[in-house]
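For reference, the structure discussed in these notes is given below.
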Amino acid sequence: MLEVRLLSISDVVRERITTCTDHARLDDWLDRAGTVERAEDLFRAGAELDQE
């Protein structure tokens, strides 16, 4: 989804997404991938970074 939207995806972001095994978290990221302005914003929950 991020690539389709032509967003820049850093190696760090790509690694975090591809190594995640939590299906609920992946579903959340997929839902948000359509609206974020930057790929890094997937990991934001309010003003705090979402920690795995």
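The values are calculated or read from the model by the stated rules, or taken from the named source; none is laboratory data. For clarity, every value in this text was computed on a predicted model and none was experimentally measured. Methodologically, a virtual Cβ is constructed for each residue, glycine included, from the backbone with ideal geometry; neighbour enumeration extends over all protein chains shown. Quick note on the areas: whole protein, heavy atoms, side chains included, nothing else; ligands and nucleic acids left out. Shrake-Rupley method; radii C 1.70, N 1.55, O 1.52, S 1.80 Å.
Summary of computed values
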{"quantity": "Of residues in the range 1-21 being in a helix (DSSP H, G or I) and of a type outside the set (Val, Ile, Thr), the one farthest from the chain's Cα centre (by Cα)", "calculated": "Asp11"}
{"quantity": "The range 1-38, residues that are out of contact with any helix residue (DSSP H, G or I) (no Cβ under 8 Å at 6 or more places or on another chain), open to solvent by 80 Å² or more (accessible area, probe 1.4 Å) and hydrophobic (A, V, I, L, M, F, W, C)", "calculated": "Val4, Leu6, Val12, Leu30"}
{"quantity": "Qualifying positions in the range 22-43 - without any contact (Cβ under 8 Å) to a residue 24 or more places away in the chain and assigned to a helix (DSSP H, G or I)", "calculated": "His23, Ala24, Leu26, Asp27, Asp28, Trp29, Asp31, Arg32, Asp41"}
